[in-house]
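Student: Mind looking over this structure? Questions follow.
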Amino acid sequence: MREMKKKCENYFRKSLQITAAFFILTIYFTQSVHAQFTDMKKILAQVTDNYEGLETIYKDLHMNPELSGMEKNTSEKIKTELIKYGYEVKDKIGGFGVVGILRNGPGKTIMFRTDMDALPIEEKTGLQYASKTKSKDKNGKEVSVMHACGHDMHMTNFLGTAQALANFKSEWSGTVIFVAQPAEENGTGAKAMLDAGLFAKYPVPDYILAVHLSAELESGKIGVIQGPAFAGADNMEITVYGQGGHGGFPHKTIDPVLLSAELVIALQTLISRELDVATPAVISVGAINGGFATNIIPDEVVLKVTMRTYSKDVREFLLKRIEQITAGLASAKGLPKEKFPKIDVYKSYIPPVYNDPELTADIEKHIINAIGKSSVIKVMPIMASEDFSIYGNNEVKIPSTLIWLGGVPESVIKKYQTIPNQMPGLHSPYFYPDISNTIKTGIRATTSAILGMLKVEPQN
């Protein structure tokens, strides 16, 4: 009987312990969920309250784009806003680069980067706020200018997030560094800022984050990818020489136009016939310049070429084969060695973007808390390049990730459902994002991600 009583007491004691533990966990979970819910409500209210000003900023940036390395007025606007939010600001770093620092106690340091430059494209969207800007490029040629790659939206997201973090200082601890970078489109801006002492003069970040507007994802969505995300890029000029003459007597010439055409085709067979079909690589000829009259065969033609790869071995193989093929074609035409094509590979190689898996998973979790799981989409690697990759590839490797911000209006998605390849993409004169949904989703996502990483846990 005594033994039975003891067993009952033990059972009762354990039941009480389990019940108490369950009760404590329930309270903790409820408080945690409530805190997250409260945070999300605060962020949403912040974005809603400031939306009108952010839309004005976006439209102003869109209407007044500046080419790579010429972002003087744009950088002044970024600087002015960051100072207004209470950031310590430095400018003219690596050209027109701007750095805004907000120190808020002990903790991790997170860098958030935006790009500022636009493209030499004539806008054809027909929007009320369409760019009508014209500017002289680095060669003195007058060109139209457009934000056709979404950098105006990147900057708006950047400023909205900077403002939100300044307003929520009681919610986080650490340091945030907001970096507005010039010259992303020509691949020189990130390196220029690093060479100017970005990580020598200012805090070295523990993590680096960036956003890129998507011309494929619907607005209201965020795209995430772990691991390889953007390809590495080599850009080059190939000068093809020949022996010019009268267009009516081509047999007395060695035609560099014809040789260039053969070279363009040969470069494509490098990808289709010399690489495994599963190997991601692209060679595209973006410009062919040669001659000035209908009846004159020129002495030379210049090809402007971009090459995209993910692997160091594939990159080296293709560079070597381009050299061999150009020399072989020239030799077959009877050109002497001194007239073999000259290949000028630009020094500004852009390495692939690699999204740190652990960091990306953590950011994805916080973004899901903000906008819901159904609004966060897994995306595939692409063959475009981004010099954002350079920041994390230094002597000290810094975990970094770049997320996609959906920008396509729902009406446009529906219009092109049956012909998706004709939907205006990045660098198209017809591309424009859904302003409202894109701004609001982007700021909620990036603010939640940074707050989550620097969160101050409530004291019991």
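The values are calculated or read from the model by the stated rules, or taken from the named source; none is laboratory data. Just so we're clear, the structure is a prediction, and the values are computed from it rather than from any experiment. Here the Cβ positions follow ideal geometry from the backbone for every residue, glycine too, while neighbour counts run over all protein chains shown.
Each row is one residue, and each column tells you yes or no for (1) assigned to a helix (DSSP H, G or I); (2) buried (at least 16 other Cβ atoms within 10 Å of the Cβ).
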position	(1), (2)
54	yes, yes
65	no, yes
69	no, yes
77	yes, yes
86	no, no
89	no, yes
92	no, no
100	no, yes
110	no, yes
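Student: If you go through segment 432-460 one residue at a time, how many are outside any helix (DSSP H, G or I) and in contact with a Leu (Cβ under 9 Å, 6 or more places away or on another chain)?
Tutor: Residues in segment 432-460 being outside any helix (DSSP H, G or I) and in contact with a Leu (Cβ under 9 Å, 6 or more places away or on another chain): 3 in total.
Student: Can you pull out the residues in segment 79-92 that are closer than 21 Å to residue 195 by Cα and out of contact with any strand residue (DSSP E or B) (no Cβ under 6 Å at 6 or more places or on another chain)?
Tutor: 92
Listed here are the residues, each with its yes/no results for (1) in contact with a Pro (Cβ under 8 Å, 6 or more places away or on another chain); (2) polar (S, T, N, Q); (3) assigned to a helix (DSSP H, G or I); (4) without any contact (Cβ under 8 Å) to a residue 24 or more places away in the chain.
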| position | (1), (2), (3), (4) |
| --- | --- |
| 204 | no, no, no, no |
| 210 | no, no, no, no |
| 220 | no, no, no, no |
| 251 | no, no, yes, yes |
| 260 | no, yes, yes, no |
| 264 | no, no, yes, no |
| 287 | no, no, no, yes |
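Student: Being farther than 19 Å from residue 160 by Cα, at pLDDT 95 or above, among the hydroxyl-bearing types (Ser, Thr, Tyr) and buried (at least 20 other Cβ atoms within 10 Å of the Cβ) is the requirement here; does residue 135 meet it?
Tutor: no
Student: Of (1) closer than 30 Å to residue 302 by Cα; (2) at pLDDT 95 or above, residue 187 satisfies all except one. Which?
Tutor: Among (1) closer than 30 Å to residue 302 by Cα; (2) at pLDDT 95 or above, the lone unmet condition for residue 187 is (2).
For (1) under 13 Å from the mean Cα position of the chain (by Cα); (2) charged (D, E, K, R), each residue gets a yes or a no:
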residue	(1), (2)
146	no, no
152	yes, yes
201	no, yes
210	yes, no
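Student: Which pairs do you get when a residue that is in contact (Cβ under 8 Å) with a residue 40 or more places away in the chain, found in segment 322-338, comes within reach of a residue that is basic (Lys, Arg) and assigned to a helix (DSSP H, G or I), reach meaning Cβ atoms under 9 angstrom, with the pair 6+ apart or on two chains?
Tutor: Pairs that qualify, where the first residue is in contact (Cβ under 8 Å) with a residue 40 or more places away in the chain and the partner is basic (Lys, Arg) and assigned to a helix (DSSP H, G or I), are 330/337; 330/339.
Student: Of all residues in segment 393-406 being modelled with pLDDT under 95 and not in a loop (DSSP other than H, G, I, E, B), which is farthest from residue 359 (Cα to Cα)?
Tutor: Filtering segment 393-406 for residues that are modelled with pLDDT under 95 and not in a loop (DSSP other than H, G, I, E, B), the one farthest from residue 359 (Cα to Cα) comes out as 393.
Student: Could you list, in sequence order, the residues of segment 157-194 that are out of contact with any Asp or Glu (no Cβ under 8 Å at 6 or more places or on another chain) and among the β-branched types (Val, Ile, Thr)?
Tutor: 161, 175, 176, 177, 179
Yes/no per residue for (1) in contact with a strand residue (DSSP E or B) (Cβ under 7 Å, 6 or more places away or on another chain); (2) within 15 Å of residue 101 (Cβ to Cβ):
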| position | (1), (2) |
| --- | --- |
| 165 | yes, yes |
| 168 | no, no |
| 177 | yes, yes |
| 183 | no, no |
| 198 | yes, yes |
| 208 | yes, yes |
| 213 | yes, no |
| 219 | yes, no |
